[in-house]
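Data block below; observations after.
The values are calculated or read from the model by the stated rules, or taken from the named source; none is laboratory data. Note that the coordinates shown come from a computational prediction; the quantities given were computed from them, not determined experimentally. Because the Cβ atoms are built from the backbone with ideal geometry, glycine has one as well, and the counts that use them run over all protein chains shown. In case anyone asks, the SASA skips ligands and DNA or RNA and just uses the protein heavy atoms, side chains included. Shrake-Rupley method; radii C 1.70, N 1.55, O 1.52, S 1.80 Å.
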Amino acid sequence: MVVSAERPLSASESTSSYAAPTERPSSLSKHKHSQQQQQQQQPTSKRKKKKNTSSTQQTQQQGRPMQQEPPRNKRGQQQQQQQQQQQQQNQQCTTPGSCQDTLDDNRNESHAPPSVIQVDDTSFVEYLRTVVDYYTPPELYDGLCETTETASITTPMQRHLERVMVTHQFPDAYPESLRKMGNYSDGTPAGSPQWIGDRGIQNPANPTYATFGSILDISTKYSQAWEGSTEFGGKPSWIASLIQRRAIVREEFHVVPCRVDLLDDYDIVAPYDDDSACFLGVEADEYVSVRGTDEKKYAHWELAAEWGIGEHGYFVNSDIMDLELKDEDDGTKDRKFDTIIANGALASVDAMHDMDLVLEKMVSFLKPGGVIFLVGIEPLVKVDGPGRVFNQILDVIDSVKGLSGVYPHRNVPATWINRNLHRLGLNVFSSTLFPTEPTFDDMSETVHEATKWIDENEISGAVKKQYKKMLSYYMDKAREVTKDGPVFAGERQYIIAAELPSDNNKDGVFPQPHVVEPTIYQPKPKYEVDTKPKVEKLDETPVAPGKMLEHKWANGDKYDGLGARIGIPPQLVPTITQYVKDLGLWDMMIDIIQNDPMPQDTTKFFNVTSPYGGEGRNFSWSAKRPDNFYGSDSDMHWFDIADEASHEDSIRALAKGGFDEVLNGIGEYLGLDSLTTFSIGLLAVTKADKGYVHVDFDNTGRRAFNLLINLETPGDEPELTVIEEDAMGNFRRGQVKYESNFGVLNGDAGMHATNECNHKASGGVRLTASIFISDLKEGSVAEVAGHDNYYFPFGNEEWIWAQAGRHWKKDGSVSLTSDRGRDPFIPEDHLTHCETRVGKNKEKCWVNGIERKRCYKTCGFFMPDDEFRPGEERLKIFGW
């Protein structure tokens, strides 16, 4: 008996319906690179989104040949011309009764197989080393996406197989995450039923990968990739993606692959969301690929070299039962592999009774503890629905072939394979069926192939005419049943995974249970995060004035951002409140938000007179109602200083209220060098149906903060929501009820939002002071400047730098009380022609536009140094 490594075609596959094109990534410039150069290549490209066409979603489940790069040789050009002619025929044959002439025109076409390449392995390897161009890593990634026709580097069936390997090597990963979902370290129920915390996070310095190890790839010439087909056996691009997976992950700016519990893994569907789809953490070391013809062997060998894996393995031409592979270190022993991937091996015309011997032969190459994956097609099941027309088309072509003495190959079902693997002592731990749905193009191509068989058969003209009449009828019927998309026609493909026992499971116990019956594949959905968890308690330990307590959950878990309560001196809130009232801002804020609320994303300016310092100075302030960002819904208004004089005056109010004690508590707790306080801002809100979830700062090295101090609240409900986000994006939510003895500090990754409220009925307004503080260093100045440049100082980094170290130092040498002001500073316009741009009366300086934010000198919002008098105590300058 001879069983070829070529996949014997089933009735459906004996036609060109499922004939895949030559695997060639398209539109890539290539350069010669060694293996080492590929690994050292620096990242130069980002992941590309595929275009969404009307058929992209269909091709997730059905077979449709992919587009390809123009072939480089004459034979490839001939094949492409034939494919183009077939596409033209399909386009012509689109109306009832229009197919017969097209079928008749094809009778002279030849479909003889191409000649076998005449070359030996040694010279071919030398040819690969001297001639073949290697893809650079960016080209490799882009080419893999092109080849699979998805936004990922692997097709859905490949991704399933990779998942199976990950779950096989890490069987406890997902159950462990599932067990800990919604529970904290001490077992207390979590606020989110999906809360994961930091469990399962990949370590960027040493990410975890599953490995196929050494691969024996027993595959066929019909195993190229198209969506929904038997996609990957022998596909050099897929093996290349495994061997170079780590490099691809690094290259595409992904620090780590998917989690080993696969919570962040999902099937991509149109429209592609590839920016968030992770790469599965699987890899391989080496391979041996078996092909049934020399032509396919050398063609795939060259592809492997182009994909950069030529030196990781080699190709052989052999029948399965005659296959001999010797150990490279000990030539007297047979070589064993960690993984075997066999595609289409268990099918035959007349040797079905020997399929158990073929299975046993393949298993003989497996190492103890190794895994064999069997990929193939189940026997076709006749259907009664719309897909029956495809069954009828296949019956016609099988009938015609039978008249020529050619009989369809037969396939074995997954249940048969499962039983026989079990009898061989293997544990079948995964068995999955993938239904395929032919499109009208698939059916049309099958009819075209049938026509060739009819024309070349030595049967009477009357019989040929009758056959073609039937095919024409079925084409019309196929067009009708597929007008809304592809249909199921009774074909399913399988992927079966089984493990050979090792010393670790001599007692018959395996990490994963034995599977008897296959299951139908269900696409894996994207993980849906929980952003609306129930509220849980935060620690409410009392905090003394001048002390800082970082947030932690009531059960003792740490909060993962920088958030804290700061004890404030008892005179601070009354002092700030009186200052705001004396400026006339208090009544103004309440009147605006209650009686004349501003439209969203608008700003206005006004002057106020300070009662302090004895001179009745005038100061500029602004009011802004921001947009409702990202689905938030609130009537919050912001009130902020509008020039440097107002900034300096508000800081005097903080000095009078004892804010030095607050700065000392922050600086000492965080171990900072110095701190600078920026002006008082005010937040007013009467109604918030959904607060804006945000962070004020990130990546400052815990050196920039916003301190919130409540001045008045009309209700008893908590005013602030504190949020923690886990590795998957689930929220953990707590709430803070403001008290007069502390403020709430939000720093790096301190996620928070205004809590829901509605004081419309009572006429009350929630008023909160917002004070920005920073230890000004290289990393924090840019964050402070970029926080929000609508208000003073409009992101002016030079002015911000001039404030460094001004109000607190760890040696106690400076304070708000003895504040001597900023360093000298001379503003410069950051726009050209500011004198004319701002208008004759500088009216654009009082519009929230680019002139106000960039004409620093012309608009005059900064105090001249002769008026500011750097180095002199503010008490002397401002009189209080």
Selection from the stretch 480-503 of residues open to solvent by less than 40 Å² (accessible area, probe 1.4 Å), on the phi < 0 side of the Ramachandran plot, modelled with pLDDT of 90 or more and not β-branched (Val, Ile, Thr) yields Pro486, Ala489, Glu491, Gln493, Tyr494, Ala497, Ala498, Glu499, Leu500
- Task: Test Ser632 against the stated conditions and say whether it is in contact with a Lys or Arg (Cβ under 7 Å, 6 or more places away or on another chain), open to solvent by 10 Å² or more (accessible area, probe 1.4 Å) and at pLDDT below 90.
- Result: yes
Cβ pairs under 7 Å, 6+ apart or interchain, first in the stretch 136-159 and under 22 Å from Ala305 (Cβ atoms) and at pLDDT below 75, second charged (D, E, K, R) and in a helix (DSSP H, G or I), ordered by first then second residue, are Pro137/Glu251
Practice problem: Evaluate the stretch 642-657: report whether one residue or more is surrounded by 19 or more Cβ atoms within 10 Å (Cβ to Cβ), among the hydrophobic types (A, V, I, L, M, F, W, C) and touching a His at 6+ places or on another chain (Cβ under 7 Å). | Solution: no
Log entry, pairs with first residue in the stretch 724-742 being of a type in the set (S, T, N, Q), second being open to solvent by 30 Å² or more (accessible area, probe 1.4 Å), beta carbons closer than 6 Å, six or more apart or on different chains, reads Asn730/Gln194; Asn730/Val529; Gln735/Val535; Gln735/Pro718
Apart from one, (1) under 30 Å from Cys278 (Cβ atoms); (2) crowded, with 18+ Cβ neighbours inside 10 Å all hold for Leu708; the odd one out is (1)
Apart from one, (1) at pLDDT below 95; (2) open to solvent by 20 Å² or more (accessible area, probe 1.4 Å); (3) part of a helix (DSSP H, G or I) all hold for Ala785; the odd one out is (2)
- Query: Given the structure, is Asn758 over 23 Å from Gln194 (Cα atoms) and open to solvent by less than 50 Å² (accessible area, probe 1.4 Å)?
  - Reply: no
Among (1) open to solvent by 10 Å² or more (accessible area, probe 1.4 Å); (2) part of a strand (DSSP E or B), Ala727 falls short only on (2)
What do you reckon, is Arg129 open to solvent by 70 Å² or more (accessible area, probe 1.4 Å), modelled with pLDDT of 80 or more and either in contact with a helix residue (DSSP H, G or I) (Cβ under 6 Å, 6 or more places away or on another chain) or more than 30 Å from Ala450 (Cβ to Cβ) (or both)?
yes
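Could you grab me the full set of residues in the stretch 789-814 that are within 17 Å of Arg874 (Cβ to Cβ) and either basic (Lys, Arg) or open to solvent by 70 Å² or more (accessible area, probe 1.4 Å) (or both)?
Filtering the stretch 789-814 down to residues within 17 Å of Arg874 (Cβ to Cβ) leaves 799, 802-809, 813-814.
Arg806, Lys809, Ser813 - these are the residues of the stretch 789-814 that are within 17 Å of Arg874 (Cβ to Cβ) and either basic (Lys, Arg) or open to solvent by 70 Å² or more (accessible area, probe 1.4 Å) (or both).
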Pairing a residue in the stretch 581-601 that is under 18 Å from Ser620 (Cβ atoms) with any residue that is among the aromatic types (Phe, Trp, Tyr), where Cβ atoms lie under 7 Å and the two sit 6 or more apart in sequence or on different chains, gives Leu585/Trp621; Leu585/Phe639; Met589/Phe639
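Among the residues of the stretch 710-737, write down those that are of a type in the set (A, V, I, L, M) and over 15 Å from Ala749 (Cα atoms).
So in the stretch 710-737, the residues of a type in the set (A, V, I, L, M) come out as 711, 720, 722-723, 727-728, 736.
Within the stretch 710-737, Leu711, Leu720, Met728, Val736 qualify.
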Within the stretch 378-405, residues being touching an Asp or Glu at 6+ places or on another chain (Cβ under 9 Å), within 19 Å of Lys464 (Cα to Cα) and in contact (Cβ under 8 Å) with a residue 60 or more places away in the chain number 1
Per the filter on the stretch 769-782, residues part of a helix (DSSP H, G or I) and open to solvent by less than 40 Å² (accessible area, probe 1.4 Å) are Ser780, Val781
- Message: Going residue by residue through the stretch 363-384, is there one that turns out to be within 25 Å of Phe212 (Cα to Cα) and either assigned to a helix (DSSP H, G or I) or among the charged types (D, E, K, R) (or both)?
- Response: yes
Flag for Val529 being in a strand (DSSP E or B) and at pLDDT below 95:
no
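When you scan the stretch 331-345, how many residues do you find that are without any contact (Cβ under 8 Å) to a residue 12 or more places away in the chain and open to solvent by less than 30 Å² (accessible area, probe 1.4 Å)? Can you show your working first?
Step one: list which residues in the stretch 331-345 are without any contact (Cβ under 8 Å) to a residue 12 or more places away in the chain, which gives 331-333.
Remaining after also requiring open to solvent by less than 30 Å² (accessible area, probe 1.4 Å): none.
Looking only at that region, the number is 0.
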Just to be sure before I move on: is Gln85 over 30 Å from Leu433 (Cβ atoms), under 40 Å from the mean Cα position of the chain (by Cα) and at pLDDT below 80 in the structure I sent?
yes
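Can we say Glu739 is at negative phi, of a type in the set (D, E, K, R) and open to solvent by less than 10 Å² (accessible area, probe 1.4 Å)?
Values: at negative phi: yes; of a type in the set (D, E, K, R): yes; open to solvent by less than 10 Å² (accessible area, probe 1.4 Å): no.
Judged against the criteria, Glu739 is not a match.
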The condition of being open to solvent by 20 Å² or more (accessible area, probe 1.4 Å), under 30 Å from Gly665 (Cβ atoms) and assigned to a loop (DSSP other than H, G, I, E, B) holds, among Thr832, Thr817, only for Thr817
For strands (runs of 3 or more DSSP E) lying entirely in the stretch 537-614, having 1 or more residues that are among the small types (Gly, Ala, Ser) and crowded, with 17+ Cβ neighbours inside 10 Å picks out 563-567
Picked from the stretch 836-873 (must be in a helix (DSSP H, G or I) and among the hydrophobic types (A, V, I, L, M, F, W, C)), the residue farthest from the chain's Cα centre (by Cα) is Phe868
Residue pairs qualifying under the 9 Å Cβ cut-off, at least six apart or on distinct chains, with the first in the stretch 755-776 being farther than 14 Å from Thr577 by Cα and among the basic types (Lys, Arg) and the second being open to solvent by 10 Å² or more (accessible area, probe 1.4 Å) and part of a strand (DSSP E or B), are Lys760/Lys687
Within the stretch 279-330, of all residues that are touching a helix residue (DSSP H, G or I) at 6+ places or on another chain (Cβ under 8 Å) and of a type in the set (Ser, Thr, Tyr), the one surrounded by the fewest Cβ atoms within 10 Å (Cβ to Cβ) is Tyr314
Only unsatisfied item for Ser770, checking (1) touching a Phe, Trp or Tyr at 6+ places or on another chain (Cβ under 9 Å); (2) within 30 Å of Met181 (Cα to Cα); (3) modelled with pLDDT of 95 or more, is (2)
